[in-house]
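The values are calculated or read from the model by the stated rules, or taken from the named source; none is laboratory data. Bear in mind that the values here come from a model prediction, so they are computed numbers and not experimental data. As a convention, Cβ positions derive from the backbone with ideal geometry for all residues, glycine included, and neighbour counts pool all protein chains shown. SASA here: full protein model, heavy atoms, side chains in, ligands and nucleic acids out. Shrake-Rupley method; radii C 1.70, N 1.55, O 1.52, S 1.80 Å.
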Amino acid sequence: KSKELLNDAAKDLLHLLSMDSKNEPAATLLKTIRAKHDLHKGTPVSQTLNALQDATTEQDRDHQCKILMGLLTNDDKSAALELGRRNGVHILFHLGQSTLKPLQALACAMSTPHFVQQFGKQINQERLYQLMLN
C-alpha cells in the first residue's frame with residue numbers, strides 16, 4: 001500500500017515539476033520519495049551499506065567496501081548519489097576512523113561531480129586529512 005502511495009506521490013510531483021521546474025520544495029520532496037522508494041527495493045548500494053554497518057570484523061568491512069567501490073565504479077553517478085542519500089558519507093567517514101577501505105570507497109564516490117556538489121559539504125576536510133596521515 002505504501003509503495004503505491006509513494007508511486008502516486010512521485011507521479012504528482014513529476015507532473016508539478018513539468019509545469020514549474022524551479023519548484024525547489026517539490027524537487028526536494030521528490031528526492032525524499034525516491035530515497036524512500038529505494039528502501040523498498042533493496043538496491044545493491046543499500047544492501048551493501050546495511051551489510052557494511054552489520055559487519056563484525058575488519059575483514060567483513062573491507063569486503064563490503066570493495067563491493068561498494070565496485071558498484072561506484074560501474075554505476076558511478078546513481079550509485080554515488082544513492083550513497084549520499086543514505087547517509088553514506090557519515091557511515092564511511094565513521095568507519096574510516098579504523099581502516100582506510102571506507103575512505104577509499106568515499107573517494108570513489110567523490111569522483112562523481114554530482115556527488116561532490118550535493119554531499120561534499122558533509123565531508124570534514126581537516127579530519128579527512130588527519131585520518132589519511134595516520
| request: Filter region 121-130 for residues that are within 13 Å of Ala107 (Cα to Cα) and touching a helix residue (DSSP H, G or I) at 6+ places or on another chain (Cβ under 7 Å) and give the result. | output: Ile123
| message | Six or more apart or on different chains, Cβ atoms under 8 Å: show the pairs whose first residue is in region 1-28 and closer than 17 Å to Arg85 by Cβ and whose second is modelled with pLDDT under 85 and open to solvent by 80 Å² or more (accessible area, probe 1.4 Å). | response | Leu6/Lys36; Leu6/His40; Ala10/Arg34
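Modelled with pLDDT of 90 or more, touching a Ser or Thr at 6+ places or on another chain (Cβ under 9 Å), of a type outside the set (Lys, Arg) and farther than 24 Å from Val116 by Cβ: does that describe Asp62?
On the way: modelled with pLDDT of 90 or more: yes; touching a Ser or Thr at 6+ places or on another chain (Cβ under 9 Å): yes; of a type outside the set (Lys, Arg): yes; farther than 24 Å from Val116 by Cβ: yes.
In short, yes.
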| helices (runs of 4 or more DSSP H) enclosed by region 73-121 - at least 3 residues per element that are in contact with a Pro (Cβ under 9 Å, 6 or more places away or on another chain) and surrounded by fewer than 13 Cβ atoms within 10 Å (Cβ to Cβ) | none
| query | Of the numbered conditions (1) surrounded by fewer than 18 Cβ atoms within 10 Å (Cβ to Cβ); (2) over 18 Å from the mean Cα position of the chain (by Cα), Leu13 satisfies every one except a single condition; which is it? | reply | (1)
| task | Run down Thr28, Thr56 and say which single residue is part of a loop (DSSP other than H, G, I, E, B), more than 18 Å from Met132 (Cα to Cα) and among the β-branched types (Val, Ile, Thr). | result | Thr56
| request: State the number of residues belonging to region 16-58 that are modelled with pLDDT of 90 or more, open to solvent by 80 Å² or more (accessible area, probe 1.4 Å) and hydroxyl-bearing (Ser, Thr, Tyr). | output: 1
| field | Pair list, Cβ < 9 Å and 6+ apart or interchain, from region 67-94 residues that are at pLDDT below 90 to residues that are of a type in the set (Phe, Trp, Tyr) | value | Asp76/Phe115; Lys77/Phe115; Arg85/Phe119
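Taking the stated definitions as given, is Gln118 within 14 Å of the chain's Cα centre (by Cα) and either more than 17 Å from Leu52 (Cβ to Cβ) or aromatic (Phe, Trp, Tyr) (or both)?
On the way: within 14 Å of the chain's Cα centre (by Cα): yes; either more than 17 Å from Leu52 (Cβ to Cβ) or aromatic (Phe, Trp, Tyr) (or both): yes.
So Gln118 fits the description; yes.
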| query | Just checking, how many residues over region 122-134 are within 23 Å of Ser78 (Cα to Cα) and in a helix (DSSP H, G or I)? | reply | 1
